[in-house]
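Values quoted throughout were computed directly from the atomic coordinates according to the rules given, and no laboratory measurement underlies them. Just so we're clear, the structure is a prediction, and the values are computed from it rather than from any experiment. For neighbour counting, all protein chains shown are included, and Cβ atoms are generated from backbone atoms with ideal geometry for every residue, glycine included.
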Amino acid sequence: MTPVKSYYRIMLGRGSMHAQECYDGEFIGTHFGFDFDLSGELPDDWRAFNAKYREVYLKNHPDKSKVAAGLACGAVWSICKGIRKGDIVLCPNGQGQYWVGEVAGDYYYEADTFFPHRRKVAWLPFLIERSAMSQSLQNSTGSIGTVSTITKHAEEIESFIGGHTRPQLIATDELVEDASEFALEKHLEDFLVQNWSSTELGKTHDVYEVDGELVGQQFPSDTGPIDILAISKDQKELLVIELKKGRASDVVLGQVQRYMGYVQDELTENGQKVRGIIIALDDDLRLRRALSVTNNIDFYRYQVNFKLFRG
C-alpha cells in the first residue's frame, strides 16, 4: 500500500553548514543560483520545471554539465513543490545525528538569504543517532545529493518517531525470492561504488561526479533512480548500470533501456554515446536470448563469498 506521506533526507548546505540556522528558523531550503521568486513557477510535474529552468541554470553556470543542471533543478523542485505538507524530512546536523521534522507550509521566497527558496518545518523534539539506524537506512541517508527519497524506510523511521523497536530488514524487491540471500547481498551497490577503482569497470569509467562529489549512485531519472551512472575516462560514453540481487530475468532489460533512453535524451552532450550494464548473481535463458540481439547492453556476474572460521 502506498504510504499517505513520504520521507526525505535533506542536506542543508555542503557538509550541513546551514543546518543549525535552518533548525533555529524552522525551515528547510535551497538556492542553486536561482535568485528570483518561483511562486507560480512550480508545475506539478518536475519534468516541466526541469525543461524550463535547466537552460536557465546552464546560462548562469556555463561551466556545468547537463547532469549537474538536472540535479540542481530536481533538488529545487523537490524542496519547493515535490515535498508535500505532512511529509517527513530527516536533516543531518553534521555531528552524526539527524533532526526530524514535518513539513508544515507551502513554498515561500526569502530574498537575499543563503536559502531563498524555503518551506516551513515543525521540528520534532528529538534526534536520531546515525549509529542507531539500520545499515540500509544509513546507506540511504548517506547518499550524495541535496534530496534523497527514503520512503522505503518509512516503518523504521516511524519506529524512531514513535519510540518503538526498529523492525528487522525484509526483502521488498519482487525479483528476490530468498530474504536471507537479500540480506547477505544488500550492500552490493555501496560495495561496488566504494571499491570502484578495483573493478574492471573502474579501469575505463568513473562514477559520475559533480564538483568533486559522487552523484552517480541512485541517480534520479523520470522512470526511477538509476543504480549507478558512470562516464568513460575520455568523457565520450555514459554508462547506465543496473544491479540485481540474485538471478536477473529479461524484465530488467526493459528497465535498463528506459534508463538509457532518459540518459540519451536528457544528459548526453557533444555526441556522447550511452551503454548499459546489468550486474547480477546469475542470469536465465530469457535474459541471454534478449541480450543476444542487443548490442549496447552487457551482462556481468558477481560473486559473494561468505565463510566461517573457527576461532
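Taking the dipole about the Cα centre of the chain, with the C-beta of Lys and Arg at +1 and of Asp and Glu at -1, give me whichever of ILE241, SER140, VAL100 is farthest to the positive side.
ILE241
Which percent, to the nearest 5, of DSSP beta bridges fully inside the chain are antiparallel?
That works out to approximately 65 percent antiparallel.
For the range 257-269, just list the computed ³J(HN,Hα) in residue order, Karplus coefficients 6.51, -1.76 and 1.60, θ = phi - 60°, integers in Hz, with x standing in for Gly and Pro.
Values per residue, Gly and Pro as x: 5, 5, 4, 5, x, 4, 4, 4, 7, 10, 10, 5, 9 Hz.
Identify, among PHE34, SER65, PRO116, the residue whose Cα sits farthest towards the positive end of the charge dipole of the chain, taking +1 on the Cβ of Lys and Arg and -1 on the Cβ of Asp and Glu, with the dipole about the Cα centre.
Of the candidates, SER65 comes out farthest on the positive side.
In debye, nearest 20, what is the charge dipole magnitude of the range 7-162 about its Cα centre with +1 on Lys and Arg Cβ and -1 on Asp and Glu Cβ, if you could check?
520
List the lysines whose alpha-carbon lies under 19 Å from that of LYS120, not counting same-chain residues fewer than 8 positions away?
Here the lysines satisfying the reach criterion relative to LYS120 are LYS5, LYS81, LYS85.
Using only the Cα atoms, work out Rg/Rh for the range 7-162, with Rh taken as the Kirkwood radius, to two decimals.
Values: Rg = 15.3 Å, Rh = 15.9 Å.
Rounded to two decimals, Rg/Rh equals 0.96.
Compute log10 of I(q)/I(0) for the range 179-301 with the Debye formula, placing one identical point scatterer on every Cα and leaving out solvent, at q = 0.22 Å⁻¹, to two decimals.
Summing over Cα pairs of the range 179-301 leads to -1.44.
Roughly how big is the range 75-159's charge dipole about its Cα centre, with Cβ charges of +1 (Lys, Arg) and -1 (Asp, Glu), in debye to the nearest 20?
Magnitude of the dipole: close to 200 debye.
Could you size up the charge dipole of the chain around its Cα centre, putting +1 on the beta carbon of Lys and Arg and -1 on that of Asp and Glu, and report it in debye to the nearest 20?
480
Give the percent of DSSP beta bridges with both residues in the range 7-162 that are antiparallel, rounded to the nearest 5.
85
Calculate, axis by axis, the spread of Cα positions in the chain along the three principal axes, and write the results as whole Å, longest axis first.
Extents along the principal axes: 57, 54, 37 Å.
What longest region of the chain stays clear of chymotrypsin sites (Phe, Trp or Tyr not before Pro) that DSSP places outside H, G, I, E and B and that have at most 10 other Cβ atoms within 10 Å? Before the final figure, lay out the partial values.
Numbers: sites that count: PHE306, PHE309.
Excluding the exposed sites themselves, the longest stretch runs over 1-305.
Where is the GNM fluctuation largest for the chain (alpha-carbon springs, 10 angstrom cutoff): LYS273, LYS244, LYS203?
Greatest mean-square fluctuation among the candidates belongs to LYS203.
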